[in-house]
Amino acid sequence: MSARAASVRFEGVYKRYGPVTAVRDVSFTIEAGTLVTLLGPSGCGKTTTLRLIAGLEMASEGRIFIGDEEVTALPVTARDVSMVFQSYALFPHMTVLENVRYGLAVSRVPKAESLARAERGLEMVGLAGYGKRLPSELSGGQQQRVAVARALVLEPAVLLFDEPLSNLDAKLRRQVREDIRELQHSLGLTAVYVTHDQQEALAVSDRIIVMNQAVIAQDGSPRELYEQPADRFVADFIGDANLVEGRIERLDGETAVVDIGGTRRSLPHRGLEPGPTLVALRPESVRLRPVSGDDGLRGRVVKATYLGSHLEYTVESPLGDLFVVDPRVEAPIARGTDVAIELAAHGVTLVRDTA
Amino acid sequence: MRAPGGGGRVPAAVLWNAVGWAGFLVLPWYGIGDGFWSFAWLDGYPADPDHAPAVWQVLGHGRAWLAPIAFLLAVPLTVIGRPRGDARRGTVLLASGLVGLAYLVAQGFAIGIGGFELAWLEQLLGPLGQRQYGMGYGALLTAAAFLFLFTEGLAARGAVKGDGFVVGGIGLVVALVVTFIVFPVSRILASAFQNDDYEYAPAQFVARITSHDIWGLGCLSENVACGIAWNSLGLGVMTGASTTALGLAFALLATRTAFPAKRLLRTMTVLPLITPPFVIGLALILLFGVSGSFTQFLEWAFDIPPTRYVYGPFGVWLAQTLAFTPIAFLVLIGVVEGVSPSMEEAAQTLRAGRWKTFTTVSLPLMRPGIANAFLLGFVESLADFGNPLVLGGEFDVLSTAVFFAIVGAQHDQGRAAVLAIVLLVFTLAAFLAQHLWLGNRSYATVTGKGDAGLPPPLPRGVSLAAHWTAIPWAVFTGIIYVMVLFGGFVEVWGLDHTMTVRHYVEAFAVRLGDGGLEWSGVAWPSFFTTLTISAVAAPLTAAVGLLTAWLLVRQRFAGRRAFEFGTMLSFAVPGTVIGVSYILAFNVPPLELTGTGVILVISFVFRNMPVGVRAGVAAMTQLDRSLDEASLTLRAGTLTTIRRVVLPLLRPAIVASLVFSFVRAMTAISAVVFLVSADYDMATSYIIGRVENGDYGLANAYCAVLIVVMVAAIGLVQLLVGQRELGRRQGRTEAGPAMAGGA
């Protein structure tokens, strides 16, 4: 099957609805056999981008390629993609097997072959034997898997997921997203996945394209996005960074010496010039210690929340209010306690201030 | 794995080009005089000049002006082999289709029965030796081919996501609406500006439209009749007000009281559907006419001499109020139920008493709905033709005046056109008011959320008023229907009340003759015509209506709002106006349809299409759009998607619009009276004729049979489709998303 997986390429694509631009000058390449997530807040253009790949929307400008073929003007039926919808969109008047077989039947695959493939598809998602049921007789998670099977049996060059987990409860989500990743890996599919949940995106993706206000904010691996966010928006959207003011005092080769609230740190300069700058502090990189004599930075705990696996603090400091995650649940710090603030060796990075 | 797109199918452009050639080379180009379905043309084909295909007309019969059509059909051949995404292919298809269609239409209008129709063409090119008649199969096929080549071209250039089927569907609906609504109605305008010699005469138009008998206000000061326009307007306002008031009383009774016979009340809403519009008038004559039961009772009991008091504005108003109250009821039930009980509960917790709650919360929330019901009653009254015809007497309204201007001794097309314009302006104004003013002002608060509240009981005064208006009126309506069913069994109403089946025998006798069964009753020919025409029209109406609804709900395209407005417009055009306009438009080439059954079918399809559109829109907005999209991404073409996903889920809506258009076609009268012919007489126009002759017995018998047939038809369809299955399907559609959302 992996032989059929194809790449997807956007070249300067725009989508306008009257005066509104939903997608602005978007270009990217999705390598064959990878799972790429389109991530962003609602209304950022990620779903429109997905629908542009499918052909459910037509680009106002720019070119779209699947594999080596330009598909910009091709209607949805002529594109070798299939899609798993947010609402699953299972046909309520057909049985599960009829649903899964539908794409094969309308492509005039002989009946015996299409039945066999549909059965195999159901097996693949662990629903063998459910073929005769109606979608309404399945649970939400099962319906979701039927939708995946229905899209899979066509062996599409690109498989699209439009927020496939948003209708599932939290526990099931983890399970299903691992199943999807597993299937994608073992079949070597090209998959494009839309979500607004950054954790989900980090968990399943080979690469993440973060979108904001119709444009691409950043395009990179989960690790790159987390550790080197391109701007204030990405840093904030992925992993709740504390964004604080700092000052680059001088550059020294690849690194910059930065003043953060009176303490000095050497960080990769990421192309920034000396002067005021923005620093992203990950909540788990801010460490709280008991106050001693010569602390560089001090603060006071104003809120403490116990969450079982970890504690969340809000700390008042000269840098502003800091959001802190601390795994040491055995030693909680009471509200009102003065603390010394240290920054860990990782999870502190300079960010270009664009917004 | 097959090629994406299903592979192996003939591209639509190739198919339509072939159809175009078939129309040009093979089928007879002009209309066949013997009727659309007659195959007598095969005799003498293809040499016969009346039945020859276009290519023969050009080569053999000197109709050289048809030759460019072949050229325009040949142009697409140069690009048809190119791949679908090719820009040049799209442009060439688009241009050749558009030019071809324009040329075909232009030559049809330019050259008619007398050679050149346009004087300047004759001056330019000299008189033409040849002539041509209305378009036939060949021309229609070729026109369709050009239309769809054009839409294919548009789609190939990326219109509406490059979906050829959708663009084609839009093109088809637009072409149909333009041909069968816009063109005929504009023909009225043209006709209004012409004098008897078909010359442009604006002065005469001004004289006609300002005429005293349309706008005169003599009735206010002297004892003469008022202008027809004022008659219509006054009647419309009265009927609108009375039907709304009664409808509201019924609606309150049915939803907000403990009235025991609520189900019975609700069945009232089907009455206007199954009742031919003049039946009420007929029944009123039997009750209140000179020899009517009530009149005779008054004479016997109080020595009040019988008069013709029921003939005139009072009788027409009474008949219309009886006929249209159920329509207002139907509208207002939805409105009253739409007022959220929690709002009323909120008012009550804020210390408002029952009466205060009703007047300050409930009633204002219903106001747009009430205005809507009033406008509906107003338009129905203006468009009503049957009741004024039967009961009007000396009292003329616009719809009947239009009819008499055409068929009466006057035979004045110009006057008919002017009257039709006045009528059209009134109904369009009401339609526009409804559309613009009420369109976005619904306060209905029905949401997906459960509304746990209970509506508070009505204030005592309101409740009493509702009971006291609704119950007597319901009883009255009941009596009326008994009269209709009973009237046919009496020898001569008012004079000889001997029970008889004579009228039924006369109308519906069946004899065993030499050649088997003989349908010897006088009503059979019109009865069978009515059944046939209605049965042909119903599926077409449903198809056009649902296609339009699907385009409106599921597709986004430039001009969508104008498209919606245009398709709904035919709702606002009164039947009499359609009737006149069809006579004016389709009596001469390029489309000669008068005197055929086809024109009746067409008039029904476009009169009733908005019903199908509304049913379809209502049903389709309930279906998740991603169902269609899922099917498309699974490689099913648009047509397959409609057939396998949309239609099965829309079955209830399809059945509803089928039944509705069938029944409406059977009971229609206003457009029909203009369009019937000796060969194609319809039941309603036949009955009207009998009423005009005072033959009430047979008319009553026929009406009763019609009503029974329609009730049977509705029942049969419900049985066939299966109420149980409908319920289950709805349950299923609801269960899907609910489970998905709840998980």
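A few remarks follow.
- Qualifying residue in segment A:154-164 (condition: within 11 Å of chain B (Cβ to nearest Cβ) and more than 20 Å from B:T633 (Cα to Cα)): no
- Segment A:54-78 residues that are under 15 Å from B:D86 (Cα atoms), paired with ones that are among the aromatic types (F, W, Y) (beta carbon under 7 Å, 6 or more apart): A:V71/A:F65
- Among the residues of segment A:92-110, those identified as of a type in the set (A, V, I, L, M) and assigned to a helix (DSSP H, G or I) are A:V96, A:L97, A:V100, A:L104, A:A105, A:V106.
- Taken over segment A:231-264, the criterion of being touching a Lys or Arg at 6+ places or on another chain (Cβ under 7 Å) and either touching a residue at least 60 places away in the same chain (Cβ under 8 Å) or surrounded by 19 or more Cβ atoms within 10 Å (Cβ to Cβ) (or both) is satisfied by A:D231, A:G239, A:A241, A:L243, A:V258.
- Selected residue (only one of B:R643, B:R556, B:R561, B:R607 is within 13 Å of chain A (Cβ to nearest Cβ), farther than 30 Å from A:F91 by Cβ and either over 18 Å from the mean Cα position of the chain (by Cα) or assigned to a helix (DSSP H, G or I) (or both)): B:R561
- Restricting attention to segment B:664-699, the residues being assigned to a helix (DSSP H, G or I), hydrophobic (A, V, I, L, M, F, W, C) and within 11 Å of the chain's Cα centre (by Cα) number 1.
- Failed item, numbered, when A:S317 is tested on (1) modelled with pLDDT of 90 or more; (2) touching a helix residue (DSSP H, G or I) at 6+ places or on another chain (Cβ under 8 Å); (3) not β-branched (V, I, T): (2)
- For segment A:55-86, the set of residues classified as within 7 Å of another protein chain (Cβ to nearest Cβ), outside any loop (DSSP other than H, G, I, E, B) and within 25 Å of A:Q199 (Cα to Cα) consists of A:S82, A:M83, listed by residue number.
- Residue list for segment A:35-54, filter: within 14 Å of chain B (Cβ to nearest Cβ) and part of a loop (DSSP other than H, G, I, E, B): none
- Only residues that are modelled with pLDDT of 85 or more, of a type in the set (V, I, T) and either touching a Ser or Thr at 6+ places or on another chain (Cβ under 7 Å) or not in a helix (DSSP H, G or I) (or both) were counted in segment B:236-291, giving 2.
- Verdict on B:A558 being in the same structural domain as B:L706 (by TED's automatic domain parsing) and either over 26 Å from B:L428 (Cα atoms) or crowded, with 16+ Cβ neighbours inside 10 Å (or both): no
- Of all residues in segment A:87-97, those satisfying the criterion of being more than 23 Å from the chain's Cα centre (by Cα) and either small (G, A, S) or more than 8 Å from every other protein chain (Cβ to nearest Cβ) (or both) are A:M94, A:T95, A:V96, A:L97.
- Sole exception among (1) away from every other protein chain (no Cβ under 14 Å); (2) surrounded by fewer than 18 Cβ atoms within 10 Å (Cβ to Cβ); (3) not in a helix (DSSP H, G or I) for A:R174, by number: (3)
- Against the criterion of being of a type in the set (D, E, K, R), within 8 Å of chain B (Cβ to nearest Cβ) and out of contact with any Phe, Trp or Tyr (no Cβ under 6 Å at 6 or more places or on another chain), A:E123 does not qualify.
- Which listed residue, of B:A145, B:A119, is of a type outside the set (D, E, K, R) and in contact with a Gly (Cβ under 6 Å, 6 or more places away or on another chain): B:A145
- Residues (within 12 Å of another protein chain (Cβ to nearest Cβ), of a type in the set (V, I, T) and either assigned to a loop (DSSP other than H, G, I, E, B) or in contact (Cβ under 8 Å) with a residue 24 or more places away in the chain (or both)) located in segment B:616-639: B:T638
- Number of the condition not met by A:A89 [criteria: (1) in contact (Cβ under 8 Å) with a residue 60 or more places away in the chain; (2) surrounded by 24 or more Cβ atoms within 10 Å (Cβ to Cβ); (3) not hydroxyl-bearing (S, T, Y); (4) not in a helix (DSSP H, G or I)]: (1)
- Residue count for segment B:574-618 satisfying the condition of being in contact with a Lys or Arg (Cβ under 8 Å, 6 or more places away or on another chain) and surrounded by fewer than 19 Cβ atoms within 10 Å (Cβ to Cβ): 1.
- B:I327 fulfils the conditions (1) closer than 21 Å to B:E692 by Cα; (2) crowded, with 16+ Cβ neighbours inside 10 Å; (3) of a type outside the set (S, T, N, Q); (4) modelled with pLDDT under 85 except for a single criterion, (1).
- Any hit, segment A:2-15, residues being within 13 Å of chain B (Cβ to nearest Cβ), under 30 Å from B:Q622 (Cβ atoms) and buried (at least 23 other Cβ atoms within 10 Å of the Cβ): no
- Filter result (without any contact (Cβ under 8 Å) to a residue 12 or more places away in the chain and either in contact with a strand residue (DSSP E or B) (Cβ under 7 Å, 6 or more places away or on another chain) or within 14 Å of chain B (Cβ to nearest Cβ) (or both)) within segment A:126-148: A:E137, A:S139
- Inspection of segment B:95-111 identifies no residue that is free of Cβ contacts under 8 Å to residues at least 40 places away in the same chain, under 27 Å from B:N587 (Cβ atoms), touching a strand residue (DSSP E or B) at 6+ places or on another chain (Cβ under 6 Å) and outside the structural domain of B:T548 (by TED's automatic domain parsing).
- Any hit, segment B:272-280, residues being over 21 Å from B:S685 (Cβ atoms) and out of contact with any Asp or Glu (no Cβ under 6 Å at 6 or more places or on another chain): no
The values are calculated or read from the model by the stated rules, or taken from the named source; none is laboratory data. The structure presented is a predicted model; accordingly, all values stated were derived computationally and were not measured. Glycine gets a Cβ as well: all are built from the backbone with ideal geometry, and neighbour counts include every protein chain shown.
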